[in-house]
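Down below is the structure, laid out as C-alpha cells.
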Amino acid sequence: MLFGRRKQVVKRILIVEDEPLTAFDNENMLGDAGYVIVATVDDLDESLRARFRAIAIPQPVGVTKDRQVLSDDRADVPGAAGHEKAHGQRG
C-alpha cells in the first residue's frame, strides 16, 4: 500500500502539560492510539530535565542555520525573481 500507516516507533510517552483538561485529553487520545503513557506531569524537575537533555538529539543531521535564499534562475518562468533580484542586485 502506497500511503499505509507507518510502523509505530515510539511506544512509551511522558506527557508534560500544565493544563489539566488538555493533559486528560492527551492521555485519552494517545492511549487510544496505542501508546503507553508512562506518566503525566505538570512540570519537570531539574534532574528530569538533565536526563532528557543528555539523551536528546541536539540538532537533526543536515539542518543548516545559515540564511537561505530561494530563487529560480530560469528566464522562461513567468514572474520568476531571477538570481540577481533574489540577491538584491539590479541589472
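Bear in mind these aren't lab numbers, they're just calculated from the coordinates by the rules spelled out. The model shown is predicted, which means the values in this text are computed figures rather than measured ones. Here the Cβ is made from the backbone with ideal geometry for all residues, glycine too, and neighbour counts use every protein chain on show.
Observations, loosely collected:
- Packing rank of 11-18, 46-53, where each peptide gets the mean count of other beta carbons within 10 Å, highest leading: 11-18, 46-53
- Whether segment 9-57 is rounded, prolate or oblate, judged on the alpha carbon gyration tensor where a/c under 1.5 counts as rounded: oblate
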